[in-house]
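Visitor: The structure's right below; bear with me while I get my questions together.
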Amino acid sequence: MDGCMTNYSPLVGTARSSLRSAETDLKDPLPLVLHVPTAPHRPGDSPRFEPFPDQPGDLPKPDTLSPFDLLHNHAIGMIRVLGADGAAAGPWDPQLSPQQLRSGLEMMMRARCLDVRMIGMQRQGRLSFYLSSKGEEAVAVAGAMPYSTRDILFPSYRQPGTLLVRGMPLLAMMCHSISNRHDNVKGRQMPLHYSWKAGNVVSISSPVGTQLPQAVGAAMAFACRGERSVAAAWIGDGTSSQGDFHHAINFASVFLPPCILHVVNNQWAISTHCQQATGGTAFALRAEAYSLPGLRVDGNDFLAVFAVEQWAIERARRGGGPTLIELVTYRREAHSTSDDPTQYRPADEGNGWPGGDPIDRLKIHLIQRGEWSEEAHQSLDAALDQEVVASLAHAESFGSLASGLGHSPSTMFDDVYTNLPDHLRNQLREMQIETAKDEPGNSILPFVGKDRRAAG
Amino acid sequence: MPKMNMIHAVRSGLEVMLERDPSVCVFGEDVGYFGGVFRATQGLQSKFGPRRVFDTPLAEGGIIAIAIGMGINGLRPVPEIQFSDYIFPAFDQITNELAKLRYRSGGEWSAPVTIRTPCGGGIRGGLFHSQSPEAYFTHTPGLCVVMPSNPHDAKGLLISSIESDDPVVFFEPKRLYRGPFDGNPEHVPPWRDQPTAEVPDGYYSTPLGKAAIVRGGEEVTVVTWGTMVHVARAAIDESGVDAELIDLRTLAPLDLPTITTSVEKTGRCVVVHEAPRTCGFGAEIVALLQQHCFWSLEAPIGRVTGWDTPFPHAQEWQYMPSRERINRAVRSALAA
């Protein structure tokens, strides 16, 4: 740019380049247009998926303190355990007891029953909103079972199974989603935005991905105290575009705390396919650029998910630092009850998903081992559904959209700060006076007459 | 004349500008193929092609940053932030970059970006789908901040915003998209019965920086914007008070003369907004009125606002200013 400098006038100047290259000098130019990617399948298309890259047994299971670059094939391939025939194979088989497997299956089935009933509730106007996690139960359940209760988890909103694993009672989960007076977050959040401190599960917020770098910070706190505990967080494929993903993985690579970062690649972020979200859809491979191990796993393979989590947890506890895990799965249902996926993807797209259904696959595996039966499965399913239905009735007895949620409006002012500051105390009084005068006959608390209006 | 709801009006405004100006492009999360989660861009990608209307990765900071770059380099971008609650990853790009670009370059560079974003409560959206963050942006010199309250204004103001060489944050009260919510969640009337739903198909513009007097009156001035225009109007109708109702439409730059003229006439004023009270834009209006209309005031200026709490899910209707609260404030202003 010497020419530019010498010709520059301090008052008026135009940029000049000494470079003489013109379009005619370019070797074999490609058309220069704005590249706008699209989804692989749209309504009307016949969906076709590539088969998964690896078979069970193809990828070795290195020592958990292995250098990150030993795991290159694990980041671009896929760790699998359950084969198409339902048998478990390869070094990643976590060798779980039949009892452990049955309890995992039961947890996934409970999560599915809950999902089906809650979606039904929303359609009947008994919930304001819901998000289905159907088909992603292995991510939520096998993804959480290997953690100790002293580990701190930052899930996303599409994994209620994780809350079940961490001991949140069905009843409490329902009261939260209904937003009634027994909701432990006091009716403040939309459904599925759980918080369960007793199970060391951090409050979920709607802004996506914010929890990922927070988990890195939580892990740094463990490291500061020399505590061999782990912080884990989950985000979706769409969210991996957010700055927070990059903050998280970069800070993780700098401070090497005991954290496990997950990208749940369920292919779709509302209407946006993961191919539209990034030029490189091997999300696990991003870890390599930060000198961290990345593991890509069949997210509908209960055993593989369990094993990968165990590996990363052991690495973190041994002081080996963070791992990025990509769980490859498929969002079977709409993004949420406000969404209509038939507008942007073929209605039958999920039927061709090579990962199948996580519950069916574990069921077949257990049956094949002689540890389960179709009859046992059906009767468990019926029992779980009864449990869910009974819990729902119980939950609605503490307040429902139809009968009133039962909150005193004054609780709105709690928890903004540790203690109620004067300006909020004044606003609370203002609200009480207004409401009391507007509805004569009502005592100042508990505003029962107004709660009905929350049903709107 | 066609009847449009606010979604149709926004879409029509985008369509008109995409047709008139080849430098206009529209993008954001789910905006392209799907047409937006609120359907405001439905059909635009198939009409104008994926290079002018497209889906982006899920990253608000990135969306606004590329909009600035495009704007710097000759385009006129209209990015969408899916919910204004999600605008904050882009806060640095908006407040430090977009707002200050002209100033920091001594007028050499600017980016004519119009950020569309649905705002406000009343849809059972809880903390993160209900916020009214306009005051963060009115507090930032260099930004225009617009919030229409009806279909006719939505289209006309959107066209003016896109044509403006200054950056605009264009808030769309989502509770109003499909009907003029007036405070009664049990019954939201459709737009088609409203005169403001008569929206020309083609080009027209509504000037930025001009408030509208929705209803003339002599006894008290009610200043508001967005969804609260309709709630305040219903409150006034119920009360029988002869109130003058002003819809600001543009918050920055503010149409101060319309407000002061009214308050000098009525001597009384109530400001209503959905956002929390402390440092809400209402505080600015109250401060300006005491400065400019002090000798005309007959009563303290009232404020009816969201409470200084996050927007709760279960107590939505206790949080949002109601007709009753507005009426009470109007009566207090009259009684003083």
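Visitor: How large is the helix-only mean residue ellipticity at 222 nm for chain B, computed as the sum of -39500 (n - 2.57) over DSSP H runs with n ≥ 4, divided by its residue count, in deg cm²/dmol to the nearest 500?
Guide: After summing the helix terms and dividing by the residues of chain B, the value is -9500 deg cm²/dmol.
Visitor: Also: Just grab the label-to-label distance for residue A:254 and residue A:70, each label 7 Å out from Cα along the Cβ direction, in nm (one decimal).
Guide: Simple spin-label model gives 2.8 nm for this pair.
Visitor: How many nm is it between the label spots at residue A:289 and residue A:150, if each spot is 7 Å from the Cα in line with the beta carbon?
Guide: For residue A:289 paired with residue A:150, the spin-label model returns 3.6 nm.
Visitor: Can you sort A:33, B:286 so the residue with the fewest Cβ neighbours within 10 Å comes first?
Guide: A:33, B:286
Visitor: Could you check the simple spin-label distance between residue B:238 and residue B:46, using points 7 Å along Cα→Cβ, in nm with one decimal?
Guide: Output for this residue pair reads 4.3 nm.
Visitor: Further question: Based on DSSP, what percent of beta bridges with both residues in the range B:3-198 are antiparallel, to the nearest 5?
Guide: Antiparallel: roughly 5 percent of the beta bridges in the range B:3-198.
Visitor: Ranked by Cβ crowding within 10 angstrom, fewest neighbours first, how are A:420, A:96 ordered?
Guide: Ranked by crowding around the Cβ, least crowded first: A:420, A:96.
Visitor: Angle check, please: helix B:281-292 long axis (alpha carbons) against the longest principal axis of chain B (alpha carbons), in degrees 0 to 90, nearest 10.
Guide: It works out to around 60 degrees.
Visitor: Still on this model: Mind checking the mean number of beta-carbon atoms from other chains within 10 Å of the Cβ atoms in A:272-285?
Guide: Going residue by residue through A:272-285 and averaging, the value is 2.
Visitor: Mind listing the long-range amide H neighbours of residue B:172? Cut-off is under 5 Å, sequence gap 5 or more, other chains count too, H placed in the peptide plane at 1.01 Å from N.
Guide: B:117, B:119
Visitor: Shielding of A:422-431 by partners, i.e. mean partner chain Cβ atoms within 10 Å per residue?
Guide: That works out to 3 on average.
Visitor: For a Förster distance of 41 Å, can you work out the FRET efficiency between the beta-carbons of residue A:433 and residue A:203, rounded to the nearest 0.05?
Guide: With a Förster radius of 41 Å, E is 0.80.
Visitor: Quick one: of the DSSP bridges fully inside the protein assembly as shown, what percent are antiparallel, nearest 5?
Guide: For the protein assembly as shown, the DSSP antiparallel bridge percentage is about 15.
Visitor: Ranked highest first by average number of other Cβ atoms within 10 Å, how do A:376-383, A:393-400, B:315-322, A:168-175 line up?
Guide: Listed from highest to lowest mean packing, they are B:315-322, A:168-175, A:393-400, A:376-383.
Visitor: Can you give me the long-range amide H partners of residue B:246? Hydrogens built in the peptide plane at 1.01 Å from N, cutoff under 5 Å, separation of 5 or more residues or another chain.
Guide: The answer is B:214, B:222, B:223, B:224.
Visitor: Turning to a different aspect of this structure: Where does each of B:140, B:250, B:114 land when they are ranked from fewest to most other beta-carbon atoms within 10 angstrom?
Guide: B:140, B:250, B:114
Visitor: Let me ask something additional. Can you list the HN-Hα couplings for the range A:281-291, worked out from phi with the Karplus curve (6.51, -1.76, 1.60; θ = phi - 60°), rounded to whole Hz and with x for Gly and Pro?
Guide: 8, 7, 4, 5, 5, 4, 4, 4, 5, 10, 6
Visitor: Explain nothing, just compute: Karplus ³J(HN,Hα) = 6.51 cos²θ - 1.76 cosθ + 1.60, θ = phi - 60°, for every residue of the range A:223-231 in order, whole Hz, x for Gly and Pro.
Guide: Per residue, the Karplus-derived 3J(HN,Hα) values read 5, 4, 8, x, 9, 7, 10, 10, 10 Hz.
Visitor: Relative to the longest principal axis of chain B, what angle (0 to 90°, nearest 10) does the C-alpha long axis of helix B:323-335 take?
Guide: Value to nearest ten degrees: 50.
Visitor: Next question. Could you give the angle, 0 to 90 degrees to the nearest 10, between helix B:151-163's Cα long axis and the longest principal axis of the Cα atoms of chain B?
Guide: Taking Cα atoms only, the helix is inclined about 50 degrees.
Visitor: Here is a follow-up. Say R0 is 25 Å: what FRET efficiency, to the nearest 0.05, do residue A:85 and residue A:38 get from their beta-carbon distance?
Guide: The calculated FRET efficiency here is 0.10.
Visitor: I've got another one for you. Among the DSSP beta bridges whose two residues both lie in the range A:74-396, what percent are antiparallel, rounded to the nearest 5?
Guide: 15
Visitor: Taking amide H atoms as placed 1.01 Å from N in the peptide plane, list the residues 5 or more away in sequence, or in a different chain, whose amide H sits under 5 Å from that of residue B:269.
Guide: For residue B:269, whose amide H was placed from the backbone, the distant partners under 5 Å are B:221, B:302.
Visitor: Specify whether the C-alpha gyration tensor of the range A:74-396 places it in the rounded, prolate or oblate class, a ≥ b ≥ c being the square roots of the eigenvalues: rounded for a/c under 1.5, otherwise prolate if a/b is larger than b/c and oblate if not.
Guide: Judged from the Cα gyration tensor, the range A:74-396 comes out rounded (a/c under 1.5).
Visitor: Right, next: Run lengths n ≥ 4 of DSSP H only: what is the helix-derived mean residue ellipticity at 222 nm for chain A, with -39500 (n - 2.57) per run over all residues, to the nearest 500?
Guide: -11000 deg cm²/dmol
Visitor: Under the Karplus relation 6.51 cos²θ - 1.76 cosθ + 1.60, θ = phi - 60°, what is the ordered set of whole-Hz ³J(HN,Hα) values for the range A:348-363, x standing for Gly and Pro?
Guide: Each residue of the range A:348-363 in turn: 9, 4, x, 5, x, 4, x, x, x, 10, x, 6, 4, 5, 6, 4 Hz.
Visitor: Taking the alpha-carbon distance from residue B:100 and a cut-off under 26 Å, which lysines remain once sequence neighbours fewer than 8 residues away in the same chain are dropped?
Guide: B:210
All of the numbers you see were taken from the coordinates with simple rules; none came from a lab. Model, not experiment: these values are computed from the prediction. Cβ atoms come from the backbone with ideal geometry, glycine included; neighbour counts cover every protein chain shown.
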